[in-house]
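No lab work stands behind these numbers, since they all come straight from the coordinates. If you're wondering where the values come from, they're calculated on a predicted model, not measured in any experiment. FYI the Cβ positions are ideal-geometry reconstructions off the backbone, even for glycines, and counts take in every protein chain you see.
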């Protein structure tokens, strides 16, 4: 068989190495700014010689739904992962989405590996490996747990042995560079032919385009992209979401605590608010994002909660469960009573007491989750064929089209 | 009587001079960037000592609807002005909105002047004077026609004589500075106590925040703001809309010609697309904006046109007439069959042949009209009283609240 098929789309098996990099939180502005200043020669080369578009990520513009969309070529309605964190309506339990229980259907990585293509996935945070590595017959590990991951099947005691240095700190740019270095080793040693490499957005949460720490990070990524290309790989770069500053003219974070607003009106326990950005590493963002889910105790209060929230400062839009599922291509059965999406310069939380605001006081708050962080780069190191260009010019491009563009529309 | 009343809100009569400046196209980023670099001492002073928020403009984020909203304190649903340019459904005629025929209700400027407060309005482009000057008993003129406007009632042959220099070129930063200079003269000479000064967005269409031409312009505005404050005026600065770059990573404008898309499917004359940004001065933007209105010849095709447009690259949202009226607070009777709103990095046109693209080739295209240009600065030179702060903290702030904030909530 010369193809795999998933969610209604066929993908040709690759004849040369393919490296898809998800530059977590890489707002298009980082790329535009780097191109404008000539900072990143290899990214510039991709734009000049390959394909360079701006695509949408899936909503909510968070890490898990988008990583899963990229490796399945489909929106959350198909694969079922609509957040990093969710409320089980039946048990009332809040659940961190850190394994594949919630995943519906296969991933491209699993199908490619099962079709005999040596495939690997490396991520910065470990939470993603179980999700995107589901069914993957090949190396799948994180920088976070590189020291504890055996690669004995491939001749290395651990992933740390493969990379040749100890795993970096969780809150460092190197957590991402380590992912790329691991990918380079897997490629150089012939262990893998298809690589999915998913970075961390620690730097983007803290630094705007053009800030020295951001420049340094981009330069290091760019150098490694050059190495992948030099090794003969077709490289695709997308992001799981963009990033916006969430501060007023004083530099103060603009925050709306949605559960507090609802509690003031409906009383204690009248509403539960889930922040689907939540993950164990809160120094990035304090679990504050641009999208929250609202569950009302009394279904009769949904409409008045909607009206109340729509009038609050910082709210861009409040959607019903049905509207959210239909407009944002989300799984209806896992959707909340209401979805709240913030303005580009505001962030949303649940109850103020549940957020560690000290964790995000070091730098002006930057975060994501809404429409204002939906635009992401879509770069491929080789040009698309004519059919691919026709397709890209006539459809709404998504980050999850990157495997389609590379496998079906490059040589 | 110590107040005037309009669209359900009471406004106290001012006891000191009030100057409201609409800095056309002033995206909050211009202010943030200027504050960050310490470029504009008087704007910084307003942020430090007065009130500084980020507000929404009304949709569509175009000049006419927003200027009228600012001087009426209400959304287009109330005052009826929903674009610069519209299609008369009954006659099929395309009409430039350049007089008050379409305006519903009075303006605050008219009411204040009728209540005995010496009031004036000065604009950059003449198209606005008839609209916002409707019923205004006081000076109302534009830079554009300063040489032809008699101010004989106030002791000056023309507005040019008042300002003391000839009116500037239509495509120059000075067109806006001339508005401010005229306002300064009106204030200094005791001719007016309330001033509405509406600038041009020529500079913002051409230059991003931080570019030298933008810095020069902001500095000149800032200096004049300082003069108004020194003359004892309470100064409010808002914008009619923000501004976004509409280019891809190659620097090429990302354009969707909505009428061409519809003609391909529904045939010649099957659809008419109105670009409500259209005005006689197209070198700013080539009549390309982030919001267009669609009229179908056959009402039975509305739903299929909607589906078709929603799938096209660059489209953020397609709204029905009812949805547009309800969600965007627009007058239903003047709304089109469909409203199309673009992504932040795309612009919309009607038919390619109707747009002079050469007019916008000199610089990377920047324009407005959509949600991505809805955020605007809201600065007042004096602090709001406690009641005003409470109000601003619990409501969705709009640019059209600026007279309310100043007249009702500053000393």
Where does helix B:174-188 land angle-wise versus the long Cα axis of chain B, in degrees 0 to 90, nearest 10?
-> 30 degrees
Quick one: with label points 7 Å out along Cα→Cβ, list the inter-copy distances for residue B:152 in nm, shortest first?
-> 10.2
Global form of segment A:354-401, assessed from the alpha-carbon gyration tensor, a/c cut-off 1.5 = prolate
Once label points are set 7 Å from the Cα along Cα→Cβ at both residue A:152 and residue A:7, what is their separation, rounded to one decimal in nm?
-> 3.6 nm
Cα-derived Rg over Rh, computed across segment B:255-367 with Rh taken as Kirkwood radius = 0.96
Please report Rg over Rh for segment B:284-339, where both radii come from the alpha carbon positions and Rh follows the Kirkwood definition.
-> 0.98
Beta bridges per DSSP with both ends in chain B, % antiparallel, nearest 5 = 60 percent
Calculated FRET efficiency, residue B:298 and residue A:169, Cβ-Cβ r, R0 56 Å, to nearest 0.05?
-> 0.35
Return one number: the angle in degrees, 0 to 90 and rounded to the nearest 10, between the long axis of the Cα atoms of helix B:212-230 and the longest principal axis of the Cα atoms of chain B.
-> 40 degrees
Give, to the nearest whole percent, the P(r) tail of the protein assembly as shown beyond 51 angstrom, counting all Cα pairs.
-> 17 percent
Value of relative contact order over chain A, rounded to a whole percent, pairs C-alpha under 8 Å and six or more apart | 27 percent
What whole-number value in cubic angstrom gives the convex hull volume per residue for the C-alpha atoms of segment B:70-138?
-> 86 Å³
How far is the Cα center of segment A:373-387 from the Cα center of segment A:115-191, in Å?
-> 25 Å
Other chains' Cβ within 10 Å of B:244-253 residues: what's the mean?
-> 4
Determine the shape class of segment A:54-213: with a ≥ b ≥ c the square roots of the Cα gyration tensor eigenvalues, call it rounded for a/c under 1.5, and otherwise prolate if a/b is greater than b/c, oblate otherwise.
-> oblate
When chain B is modelled as a GNM with alpha-carbon springs shorter than 10 Å, which of B:288, B:231, B:109 fluctuates the most?
-> B:231
At what distance in nm do the modelled label points of residue B:93 and residue A:250 sit from each other, each positioned 7 Å from its Cα along Cα→Cβ?
-> 5.3 nm
If one builds a Gaussian network model of chain A from Cα atoms under 10 Å apart, the most fluctuating residue listed among A:125, A:353, A:343 is A:353
Average other protein chain Cβ within 10 Å of Cβ, residues B:315-323 = 1
If you look at just the Cα atoms of segment A:121-219, how large are its Rg and its Dmax in Å?
-> 13.6, 42
Per-copy distances of the residue A:49 label point, shortest first, in nm (7 angstrom along Cα→Cβ) = 5.9
Spin-label point model (7 Å from Cα, Cβ direction): what's the residue A:101 to residue B:130 distance in nm?
-> 6.8 nm
For chain B, would you read off the P(r) tail past 40 Å as a percentage of all alpha carbon pairs?
-> 13 percent
Shortest first and in nm, the label-point separations between residue B:220 and its counterparts in the other identical copies (7 Å out along Cα→Cβ) come to 4.5
When the Cα centres of segment B:36-72 and segment B:267-319 are compared, how far apart do they sit, in Å?
-> 29 Å
Debye-sum result for segment A:331-411 in log10 I(q)/I(0), which assumes one identical scatterer on each alpha carbon, at q = 0.11, 0.16, 0.25 Å⁻¹ = -0.55, -0.83, -1.21
In range of the label at residue A:15: residues from segment A:217-236 whose backbone nitrogen is under 20 Å from the point 7 Å along Cα→Cβ = A:229-236
With only alpha-carbon atoms counted, please give the Rg and Dmax of segment B:334-375, in Å.
-> 12.2, 35
Which of A:239, A:213, A:350 fluctuates most in a GNM of chain A (C-alpha springs under 10 Å)? That residue is A:213
Percentage, to the nearest whole number, of Cα pairs in segment B:20-136 over 21 Å apart = 48 percent
Fraction in percent of alpha-carbon pairs per bin - 10 Å, segment A:236-315 | 15, 42, 30, 11, 2
Averaging sequence separations of C-alpha pairs under 8 Å and six or more residues apart, then dividing by the length of segment B:255-367, give the relative contact order as a whole percent.
-> 37 percent
Using 0.36 nm per residue, how much length does the chain from residue A:320 to residue A:223 gain when fully extended, once their Cα-Cα distance is taken away?
-> 30.4 nm
Does a label point 7 Å from the Cα of residue B:358, set along Cα-to-beta-carbon, have any residues of segment B:146-183 with amide nitrogen under 18 Å, and which are they?
-> none
Work out Dmax and Rg for segment B:1-81 from the C-alpha atoms and quote the Rg first, both in angstrom.
-> 15.3, 46
